[in-house]
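The values are calculated or read from the model by the stated rules, or taken from the named source; none is laboratory data. Not measured: the values here are computed from a predicted model. Neighbour counts are summed over all protein chains in view; Cβ atoms, including those assigned to glycine, are modelled from backbone coordinates with ideal geometry. Accessible surface areas use protein heavy atoms only, side chains included; no ligands, DNA or RNA. Shrake-Rupley method; radii C 1.70, N 1.55, O 1.52, S 1.80 Å.
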Amino acid sequence: MNILILIMIVTGSVIMVSNIYRYRRFMNDLKDVLSGGSERNLLWEWIGLLLLIFFLIGYLGIAFFGKPDLLMAGILFGGSVFVAIIITLMVRLIDTTKNRSMDVAELLISVVEARDPNLNGHSRYVQNIVICFYHHLPDAITSDINFLSLQFAALLHDIGKMGIPESILNKPGRLDDEEWEVIRSHPKIGVQVLASLESFETIREWILYHHERMDGKGYYKMAKEDIPMGARIISVADTYATITMRRPYHKPKTHEEALDEIKSVAGTQLDADLVKYFEKIPKEELIACAPETVEMNHGVIAPVKMTKDA
Ligand SMILES: [Fe+2]
């Protein structure tokens with residue numbers, strides 16, 4: 001076999017194998033937020049995958065048993081490159097769609113946070129913490145969690161606050177029971193706001209339950225494993241962000257104070273296993289999660305007791 005033919009066959013084979021691997025990753029991404037993993041898309045995924053494998057087997061068969069000439073090797077090599085280009089374009093399209101979708105989500109949240117100056121940057125802060133936290137969790141937990149969905153849910157967890165009157169959001173003093181009842185409706189309002197997005201089903205569920213407690217004393221009285229894992233992860237991040245940033249009812253506390261507070265509610269408010277993983281995250285990584293708009297306290301003690309968590 002001519003050396004040029006051999007190079008084209010070997011390179012084309014490597015490109016085809018990588019095409020199959022990239023296609024699988026692409027289809028996993030497509031199952032995410034954008035398509036919701038519908039049965040129809042699942043079917044197309046398998047048809048596409050089988051065609052690619054069929055093409056690879058045919059390619060190798062012709063390449064090694066068909067004694068291809070330079071023209072045939074060129075056609076086979078060109079076919080591999082063509083498939084690679086198509087997959088690259090599809091991946092770029094999905095990445096662009098993801099980024100634009102996240103931009104729209106950020107825009108929505110900035111509208112919500114503009115109504116409450118004390119909240120400025122909170123959702124982005126929670127999202128950054130969740131991204132960091134996700135990378136410190138074991139596979140046993142992350143394998144069941146869709147990372148992109150988790151990022152959307154973390155960013156949008158308080159979107160329901162757009163339905164809360166500003167007079168309550170910005171009230172300087174303590175809220176009465178009736179006002180707390182209104183505040184407690186924000187997860188449900190968030191679900192209603194996102195109701196039309198078919199692929200946000202899991203995200204809506206995590207948002208709805210982000211104020212549940214392990215002891216069953218949360219908004220919907222769910223407990224322990226009944227609370228979806230995504231909601232439990234967001235809850236830990238939300239609690240840390242709330243403690244370490246300035247809010248109407250308390251000054252920002254330090255990283256160490258926040259960890260003490262989080263550990264003190266492990267097993268009652270927060271998932272104890274998640275807290276164990278959370279406290280192992282290096283301080284610098286968590287501090288770096290705070291957007292510039294968030295007022296932090298990196299050392300000066302601000303011993304103001306938090307009253308209620310919204
Ligand atoms: Fe909330």
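I'm checking my understanding of the structure. Among residues of segment 233-263 that are within 14 Å of the ligand (Cβ to nearest atom) and among the polar types (S, T, N, Q), which one is farthest from residue 167 (Cα to Cα)?
This residue is 235.
How many residues are among the basic types (Lys, Arg) and either open to solvent by 60 Å² or more (accessible area, probe 1.4 Å) or under 22 Å from residue 63 (Cα atoms) (or both) if we restrict to segment 78-105?
The qualifying residues number 2.
Taking residue 88, is it over 25 Å from residue 296 (Cα atoms) and out of contact with any helix residue (DSSP H, G or I) (no Cβ under 9 Å at 6 or more places or on another chain)?
In short, no.
For segment 214-227, give me the residue count where each residue is closer than 16 Å to residue 188 by Cα and open to solvent by 20 Å² or more (accessible area, probe 1.4 Å).
4
I need the full set of residues from segment 59-116 which are over 30 Å from residue 155 (Cα atoms) and acidic (Asp, Glu), in order please.
Hit for segment 59-116 is 69, nothing else.
Restricting attention to segment 121-133, does a residue exist that is of a type in the set (S, T, N, Q) and modelled with pLDDT under 90?
No, every residue in segment 121-133 fails to be of a type in the set (S, T, N, Q) and modelled with pLDDT under 90.
Can you spot a residue in segment 250-261 that is surrounded by fewer than 21 Cβ atoms within 10 Å (Cβ to Cβ), in contact with a Cys (Cβ under 7 Å, 6 or more places away or on another chain) and outside any helix (DSSP H, G or I)?
Checked segment 250-261: no residue is surrounded by fewer than 21 Cβ atoms within 10 Å (Cβ to Cβ), in contact with a Cys (Cβ under 7 Å, 6 or more places away or on another chain) and outside any helix (DSSP H, G or I).
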